[in-house]
1. Could you list, in sequence order, the residues of the range A:167-189 that are surrounded by fewer than 17 Cβ atoms within 10 Å (Cβ to Cβ) and in contact (Cβ under 8 Å) with a residue 40 or more places away in the chain?
2. Looking at (1) under 29 Å from residue A:246 (Cβ atoms); (2) within 20 Å of the chain's Cα centre (by Cα), can you tell me which one residue B:222 breaks?
3. Within the range A:261-268, is there a residue that is within 28 Å of residue A:7 (Cα to Cα) and facing chain B (nearest Cβ under 9 Å)?
4. Determine which single condition residue B:234 fails, assuming it passes every other condition in (1) away from chain A (no Cβ under 11 Å); (2) closer than 30 Å to residue B:168 by Cα.
5. Of the residues in the range B:167-199, how many are over 18 Å from residue B:135 (Cβ atoms) and in contact with a strand residue (DSSP E or B) (Cβ under 7 Å, 6 or more places away or on another chain)?
6. Do we have any residue at all in the range B:152-161 that's more than 12 Å from every other protein chain (Cβ to nearest Cβ), modelled with pLDDT of 95 or more and either part of a strand (DSSP E or B) or buried (at least 24 other Cβ atoms within 10 Å of the Cβ) (or both)?
7. Which one is surrounded by the fewest Cβ atoms within 10 Å (Cβ to Cβ) among residues in the range A:190-209 that are outside any strand (DSSP E or B) and touching a strand residue (DSSP E or B) at 6+ places or on another chain (Cβ under 9 Å)?
8. Does residue B:183 satisfy the condition of being in a strand (DSSP E or B), at the interface with another protein chain (Cβ under 9 Å from one of its Cβ atoms), buried (at least 24 other Cβ atoms within 10 Å of the Cβ) and touching a residue at least 24 places away in the same chain (Cβ under 8 Å)?
């Protein structure tokens, strides 16, 4: 689960990680009020969406007067912001964050993520703040300092020294401040079951202070049960409604660009099915894992969600029954065709536990549009042919 | 021969009396697995499925001499259960539980490593030595004995792969589902040398997916250390970047962890890489002939 910048900064504030002062607004009036409350003569108006690259997309602007805050808030609120992370359809801006302007001397990058190879968190820091970190990693990897921290000992002095020396921070006061900043961030990472925390940029001000100018956080979904405070920050409007609805039924769904809807048990086989469709010259319309507890209701819901996509020209149901019994899936398909108007051809491959019984059930039901397949490759070929109207 | 487990392996089940634990323990016993007891706190002294129940893993190990634990404990308590097994001297914990917090598994694995306990999973189908010992939730009937070792991040692709191998008239020595979470126990790099040394195994199938770099590490290892033929499939060639595909670890971040990158590394290591799981069986037959 991801949160907005202003929410990340609330968490930062709780742990004493310094940030500029700011207030969130849902309307232009609120934005103006917030700017007045913050005072000063420089404000930043920032679109709050769950995607990076907001500045380049025109979602972060400087205002030098209250009038300008009002004008910019009006422009940004309600705009559809397109960044390299939103996809071409962009995201609607429903909230903005009004923040006091900061005296930026230098921009750094600071992030913490799980190093899957080392199996412990790694702190990544760079002097190339404000840039896309993936680009820095690709073009000038030597400019990223990586410090893996064994959580059983926690962030020690030597970790901190590796960071500040790696970044070329030479002033002792500043070294102390930066290490303190990093320690607090590490504590947040561990305490809150964070999956990713990124500050880009983290700035050094003219007076040698470090401030989190941005904040991006993602949390481990499996650990949310023990963080009701984080769960309460969930913004449903930022989530794909189909993916969310699928999740409520125990389905794992991701929408894609192609024409062939997929319904599969198991994440690996679901990806393997997409790859096989691609292999025989078709394009998958979605990833859908019905999970191990598939029943008539979930199968029907799966069909419903797949068919909402107008591009879908055929559906490939690919089940390798292990603990999932194929006859149950076959009955699910029957139920589904009663509940949902399935207008496109459905190619069905049921293998494994009780496959013979399942084939019998489907044969006897004799549903128009249901085409049996013998194996994965046969099913993929038939689904592609059906999508082209060749079956 | 086989790797890690066989018909003599003494197995206990943590979370023995729960719904999942009961159902799958029964299935495993029917397959021939030597389950010698189970652990459910506060149910010690009872008998379940004809086997003794203990309050702690320590008691279970002392009374039964078990060396392997199959773990069905719910996600919020699974790390505790794994550490308890490690502390009690269990040699291998097979963690079936799905949805364990990553941080918990990080600590659990560190402690297991410190205690010298191997782990498989979490969020995996388990391990099976064909016609001898099934520790997990895979449909046993698919797995017929034969010369092919299988390592897979995906449950259903394990079944798909094993089924094709059997359809080709071959069979499986041991199949290990290693799981697709960000932190897992035994991985390709640890399992490949076991298959290399196992005289029964003549070829190895490895099934990977997008995310992380375990397959890249495996490719390097195969190039230098593995003489037996390896067939590989990497799921997710058509997966979009930045989207999690079911498994917690199956995500392409930036340009890292793509299927193309992994397939190229494996091919360069002399592995026969197939583009669809539908060709696993055929490819194994080819490399063995």
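The values are calculated or read from the model by the stated rules, or taken from the named source; none is laboratory data. All values derive from a computational prediction rather than experimental measurement. Glycine gets a Cβ as well: all are built from the backbone with ideal geometry, and neighbour counts include every protein chain shown.
1. Residues of the range A:167-189 that are surrounded by fewer than 17 Cβ atoms within 10 Å (Cβ to Cβ), as a first pass: A:168, A:170-174, A:176, A:180, A:187.
Within the range A:167-189, A:168, A:187 qualify.
2. All conditions are met except number (1).
3. The first filter runs over the range A:261-268 and keeps only residues within 28 Å of residue A:7 (Cα to Cα), leaving none.
No, the range A:261-268 has no match at all.
4. (1)
5. 6
6. Residues of the range B:152-161 that are more than 12 Å from every other protein chain (Cβ to nearest Cβ), as a first pass: none.
No; the residues of the range B:152-161 include none that is more than 12 Å from every other protein chain (Cβ to nearest Cβ), modelled with pLDDT of 95 or more and either part of a strand (DSSP E or B) or buried (at least 24 other Cβ atoms within 10 Å of the Cβ) (or both).
7. If we filter the range A:190-209 for residues that are outside any strand (DSSP E or B), which is where we start, we get A:190-193, A:206-209.
When the remaining residues are screened for being touching a strand residue (DSSP E or B) at 6+ places or on another chain (Cβ under 9 Å), the result is A:190, A:192-193, A:206-209.
Details: A:190: 16, A:192: 22, A:193: 20, A:206: 10, A:207: 7, A:208: 13, A:209: 17.
The extreme case among them is A:207.
8. Details: in a strand (DSSP E or B): no; at the interface with another protein chain (Cβ under 9 Å from one of its Cβ atoms): yes; buried (at least 24 other Cβ atoms within 10 Å of the Cβ): yes; touching a residue at least 24 places away in the same chain (Cβ under 8 Å): yes.
No.
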